[in-house]
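Following: one structure in structure tokens, then a few remarks.
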There are 2 protein chains.
Amino acid sequence: MSVKGNLVVGQSGGPTAVINNSLVGVIHEAMEHPEIEGIYGMVHGIAGILNEEFIDLRREDAQTLEILRNTPASALGTVRYRVRDADYERLLEVFQLYNVRYFFYIGGNDSMDTTNKISLIAQREGYELHAIGVPKTVDNDLMMTDHCPGYGSAARFVASAIRNTAMDTEAMGDSGPIKLMEIMGRHAGWLTAAAALARENAGDPPHLIYVPECPVTLDKIVEDVRTAYERHGYCVAAVSEGVKDPSGRELGETAAPGDVDAFGHKALGGAVDVIAEAIRAKIGIRARMDKPGYLQRSFAELMSSVDREEAYAVGRAAVRAAVQGETGKMITLARRPGPTYVCETGLAPLEAVANKERVMPGEYLSVECNDVTQAFIEYARPLIGGPLPKYARLAKYPVPKRRR
Amino acid sequence: MSVKGNLVVGQSGGPTAVINNSLVGVIHEAMEHPEIEGIYGMVHGIAGILNEEFIDLRREDAQTLEILRNTPASALGTVRYRVRDADYERLLEVFQLYNVRYFFYIGGNDSMDTTNKISLIAQREGYELHAIGVPKTVDNDLMMTDHCPGYGSAARFVASAIRNTAMDTEAMGDSGPIKLMEIMGRHAGWLTAAAALARENAGDPPHLIYVPECPVTLDKIVEDVRTAYERHGYCVAAVSEGVKDPSGRELGETAAPGDVDAFGHKALGGAVDVIAEAIRAKIGIRARMDKPGYLQRSFAELMSSVDREEAYAVGRAAVRAAVQGETGKMITLARRPGPTYVCETGLAPLEAVANKERVMPGEYLSVECNDVTQAFIEYARPLIGGPLPKYARLAKYPVPKRRR
């Protein structure tokens, strides 16, 4: 049996539609292990430790936890705070004061770095602590895992959103034939790529998909739009906010200087505005834009059932790994080879994940840099939790023209 | 029995999530009346008549029509084309050529004007034609009807979207505490006002709602945001794209000159950008923005069940009115007084609807010009088809702080 003590769990970075499933998974599993005494939640992530703001999760009622599994965003509160070297001693001090022996951080690659450093400093100081990272990000950009909890639900929202707005665009015909949707993703195009899951038949929208991994000039985009419009009578394009030109410059680099977040990431947005302006100048059509923004990561009504269960499973697996003596690891999702989708949890060293980004591999990107491949669609399809609802089109049998 | 002849039906203006229900309602009802021979669809609205592009809706299979009831956007194709005086003779010529005796146009106030003029010119020329308008608009701005089919589903999307993005904003805390959502509505705030339906308890977001009917200065908005942020720790605001200052100038008046649609309406968008910039300058916080755009009118997964049935009912009622001899009328929805929501179809003269806009009455607007009243909420609540899904919040029992 492992060391007896208290558990703390926190949520970090951008919320997702299913991140509370990981929290509930941690709580449910922890309740089954007698070595775990207090189950404490960190209020607003690592800031909750630094401020000693913990809540007692054992006292939450079971019904609340069930409904939380359908509730988007981070129920504990989240944070974007880059932990400084000087903070780590303070963290350890608080762990000792509260006899924290189990630490779980649900987050992305910044959070995995934090978790790794916490694990290392505890080992260095000879304090027994089991620190495990629980993966979460709609960006799907963590190394060592087949995919990330949070991605499947965001991908379902994006596929559905692009399909709905494309139905609208197709219906408008020449009264509004060009639609651009700006999709989250600074460096990795996984979420934008999910727009391809809207297609049922060849030629279905989105007609164009632009991701940061595949640099493309503004002129090429305009010509792609023109070609698609001429072929289909309308054009729908999915555009990553971080799409780049071949010089590496982001097309949407219009943010004011100094407009950066706590990690020094530049605030983005604006790629579709730049593209729309070029379309107006060169094709003479006003492109319409959708920027669903934070709906992509919070739209619980479109939660993927697969994502929901996996987010819960990684929470439970993290606790099991910790009580088995692990530390400095992240829970992964490993897909079994074969025609049927089956995923199991696994473990990876945090140092292989911390501060790294997994971008889309070349085999998922079209040669033309304006679409994804069938291989990507086969990768992503199972993650959104079943097909989108069935839509119909009229067969449109023409009425013969009459002579006068 | 009415005159024997053919029926044409068309869809016009911006699509909605439920507009195909009105089309299917027309088709289903028409099949029950022996005086109606051909049931023809206009391809892209009035352009389909001018171009003699009709499709034979009797040949569509029943299963397709059922699935169309869950399919967003205009299955016949839609159009934004201002019918010119010279066109009306051509329209009548085509009606005579195809023996069209029943005309149904599913659209907003522009379309009601077109339908009225078609009815009048047929009467003037002594050609028996029954022309009936079928109301449709997410803007909810048609006169003479309690509300418009299409509004309830868009309202449900807006309420849900603002609730989801607010959960995200609340979770972010000081890492991203201000959220602005730009909502459709140039002159009428009905759809933006629907954001209020996201609230369950006092103090729930959205904290602020700005509509075009209630002019407000940029400074006042910034101070409202500051106050809400200080009170709640975060602030979520719903902003109509057409929100105005007391001089009548739109806050988002940043569109390039000449950027107007076929009706001379100026292209808008940008109100939230202007507000975000003012917040950054005066409060020093970068406000986050969601601009769900055309998702508001096409997101079929959030279709309101009430809206779906009413959209279908107005289609059926239009055909019944026409075969009973009516012309120059629009179908209305009339709400019965009383505590239980019941709506029946009625008739109004098209000249009372054509080219008019119904804006929100004063009783629905807060004195401070930053919210709606309980009277509005009671008006709108039944239209979205049942409550939003249940979400939970942790009770957050604090863990006592330990002394060192």
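The values are calculated or read from the model by the stated rules, or taken from the named source; none is laboratory data. Since the model is a prediction, treat every value here as computed from it, not as a measurement. Cβ atoms come from the backbone with ideal geometry, glycine included; neighbour counts cover every protein chain shown.
A few comments on the model shown:
- B:Gly126 under 30 Å from A:Ile106 (Cα atoms) and either in contact with a Ser or Thr (Cβ under 9 Å, 6 or more places away or on another chain) or not in a helix (DSSP H, G or I) (or both): no
- Only residues that are in a loop (DSSP other than H, G, I, E, B) and either buried (at least 17 other Cβ atoms within 10 Å of the Cβ) or touching a residue at least 24 places away in the same chain (Cβ under 8 Å) (or both) were counted across region B:374-391, and they come to 4.
- Candidates B:Ser12, B:Ser22 - the one that is crowded, with 22+ Cβ neighbours inside 10 Å, touching a Ser or Thr at 6+ places or on another chain (Cβ under 6 Å) and more than 9 Å from chain A (Cβ to nearest Cβ): B:Ser12
- Residues that are surrounded by fewer than 24 Cβ atoms within 10 Å (Cβ to Cβ) and either touching a Pro at 6+ places or on another chain (Cβ under 6 Å) or under 22 Å from B:Gly386 (Cα atoms) (or both), drawn from region B:183-195: B:His187
- Lone qualifier among A:Leu394, A:Leu347 - being within 30 Å of B:Glu60 (Cα to Cα) and surrounded by 13 or more Cβ atoms within 10 Å (Cβ to Cβ): A:Leu394
- The helices (runs of 4 or more DSSP H) found wholly in region B:146-260 and carrying at least 1 residues that are in contact (Cβ under 8 Å) with a residue 60 or more places away in the chain and closer than 30 Å to B:Ser305 by Cα occupy B:151-172, B:190-193.
- Condition met for B:Glu52 (of a type in the set (D, E, K, R) and more than 9 Å from every other protein chain (Cβ to nearest Cβ)): no
Residues are listed down the side, and each one gets a yes or a no for (1) surrounded by fewer than 19 Cβ atoms within 10 Å (Cβ to Cβ); (2) within 8 Å of another protein chain (Cβ to nearest Cβ); (3) out of contact with any Ser or Thr (no Cβ under 9 Å at 6 or more places or on another chain); (4) free of Cβ contacts under 8 Å to residues at least 60 places away in the same chain:
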site	(1), (2), (3), (4)
A:Leu57	no, yes, yes, yes
A:Glu60	no, yes, yes, yes
A:Leu76	no, yes, yes, no
A:Val79	no, yes, no, no
A:Glu89	yes, no, yes, yes
A:Gln96	yes, no, yes, yes
A:Arg101	no, no, no, no
A:Ile106	no, no, no, no
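- A:Tyr88, sole failed condition from (1) closer than 26 Å to A:Glu301 by Cβ; (2) over 22 Å from the mean Cα position of the chain (by Cα): (1)
- Residues considered: A:Ile19, A:Ile55, A:Ile27. Of these, the only one that is modelled with pLDDT of 95 or more and farther than 23 Å from A:Leu333 by Cα is A:Ile55.
- Filtered residue count, region B:30-49, keeping only those that are facing chain A (nearest Cβ under 8 Å) and out of contact with any helix residue (DSSP H, G or I) (no Cβ under 8 Å at 6 or more places or on another chain): 1
Results for (1) modelled with pLDDT under 95; (2) farther than 30 Å from B:Asp168 by Cβ; (3) assigned by TED's automatic domain parsing to the domain that holds B:Ile39, shown as yes or no for each residue.
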| residue | (1), (2), (3) |
| --- | --- |
| B:Asp307 | no, no, yes |
| B:Arg320 | no, yes, yes |
| B:Arg336 | no, yes, yes |
| B:Val342 | no, yes, yes |
| B:Gln374 | no, no, no |
| B:Arg403 | yes, yes, no |
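- Boolean, B:Arg308 is surrounded by fewer than 20 Cβ atoms within 10 Å (Cβ to Cβ) and of a type in the set (D, E, K, R): no
- Region B:168-182 - residue that is in contact with a helix residue (DSSP H, G or I) (Cβ under 7 Å, 6 or more places away or on another chain) and surrounded by 24 or more Cβ atoms within 10 Å (Cβ to Cβ) and, of those, nearest to the other protein chains (Cβ to nearest Cβ): B:Asp168
- Reported count of residues in region B:63-74, each being more than 7 Å from chain A (Cβ to nearest Cβ) and either in contact with a strand residue (DSSP E or B) (Cβ under 6 Å, 6 or more places away or on another chain) or surrounded by fewer than 18 Cβ atoms within 10 Å (Cβ to Cβ) (or both), is 2.
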